[in-house]
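**Student:** Sending over a structure as structure tokens; questions will come in a sec.
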Amino acid sequence: MKVGILGSGIVAKALGHGFIQEGYEVKLGTRDVNKLSSWLTEKGNNSSAGSFSEAAEFGEIIVLAVQGLAAITVIEIAGVNNFKNKVVIDATNPLDRSEGSPPKLIGGPGTSGGELIQKALHGAFVVKAFNTVSAALMYKPEFEGGPPDMFLCGDDDNAKKTVAQICKIFGWNIIDVGGIKYSHYTEAAGNLWTITAFAGGNWNQAYKLLRK
Ligand SMILES: NC(=O)c1ccc[n+]([C@@H]2O[C@H](COP(=O)([O-])OP(=O)(O)OC[C@H]3O[C@@H](n4cnc5c(N)ncnc54)[C@H](OP(=O)(O)O)[C@@H]3O)[C@@H](O)[C@H]2O)c1
């Protein structure tokens with residue numbers, strides 16, 4: 001299966017690595033393919049890079065892994081039609097870094113990144129995932145307490161099943177939070193991850209809900 005990943009940063013590379021390991025073909029989308037040349041050499045035959053629109057067109061599944069506040073611009077550059085009827089994994093968080101760390105989360109319920117992206121991608125099935133953990137732990141995280149939890153939200157049940165399956169093979173237990181309207185809460189959880197990592201001086205952490 002082909003995955004188009006919009007982004008050239010550490011998240012795009014981490015998820016791209018995971019998909020390639022699991023036998024997918026991956027095309028990363030960027031404004032500047034030159035910055036990916038060493039990554040492509042390292043990853044080999046099942047990796048390629050192109051423009052945002054080439055990556056979106058290529059993907060049977062699309063991953064959004066761009067700067068959160070640029071996500072709508074990137075979707076417009078990539079061409080909304082290239083997303084139609086596809087599952088879109090939204091790994092972004094709408095963060096303003098202009099005042100340093102920790103970044104400030106933009107938006108709220110109704111204006112979260114996930115909801116704005118789903119509105120912009122009418123006709124595609126957006127599932128928010130991978131936004132509550134660092135790139136380094138996205139693929140095959142190993143913790144003594146067992147697989148950590150990945151929060152998913154999205155409006156289409158079949159799309160969530162597809163993304164849940166991917167998360168499972170990437171080494172995660174799934175928590176289905178509900179519809180895309182809950183995006184703000186997982187985006188805040190993403191920022192809380194960063195705040196607690198700084199506070200505790202430990203980036204080797206992931207969420208786990210304890211239930212009985
Ligand atoms: N870093 C993490 O561990 C982590 C964890 C969870 C979620 N996230 C979220 O995942 C997303 C990706 O994070 P990242 O750290 O890998 O990379 P990033 O630095 O947040 O974003 C880099 C990507 O954003 C694109 N971009 C930035 N400004 C743009 C603009 N004005 N117009 C078009 N494209 C623009 C870049 O495009 P070019 O390729 O053209 O330069 C690049 O592909 C973010 O939304 C982040 O909040 C990050």
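Since every read-out is calculated from the coordinates, none of them should be taken as a lab result. Quick caveat: nothing in here was measured; it's all calculated off a predicted structure. Note that we place each Cβ from the backbone using ideal geometry, even for glycine, and neighbour counts take in every protein chain shown.
**Student:** Using the structure shown, decide if Ala129 is within 8 Å of the ligand (Cβ to nearest atom), crowded, with 17+ Cβ neighbours inside 10 Å and within 18 Å of Tyr182 (Cβ to Cβ).
**Tutor:** So Ala129 does not fit the description; no.
**Student:** If you don't mind, there's one more thing I want to ask. Among residues belonging to the range 58-83 that are surrounded by fewer than 19 Cβ atoms within 10 Å (Cβ to Cβ) and more than 13 Å from the ligand (Cβ to nearest atom), point out the one that is nearest to Lys160 (Cα to Cα).
**Tutor:** So the residue we want is Glu60.
**Student:** Please go through the range 91-106 and pick out each residue that is part of a loop (DSSP other than H, G, I, E, B), more than 9 Å from the ligand (Cβ to nearest atom) and of a type in the set (D, E, K, R).
**Tutor:** Once the filter is applied, which keeps residues that are part of a loop (DSSP other than H, G, I, E, B), more than 9 Å from the ligand (Cβ to nearest atom) and of a type in the set (D, E, K, R), the range 91-106 yields only Glu99.
**Student:** May I pose another question? Please determine, by comparing only the residues of the range 28-54 that are charged (D, E, K, R) and within 13 Å of the ligand (Cβ to nearest atom), which one is nearest to Ala135 (Cα to Cα).
**Tutor:** Across the range 28-54, the extreme among qualifying residues is Lys35.
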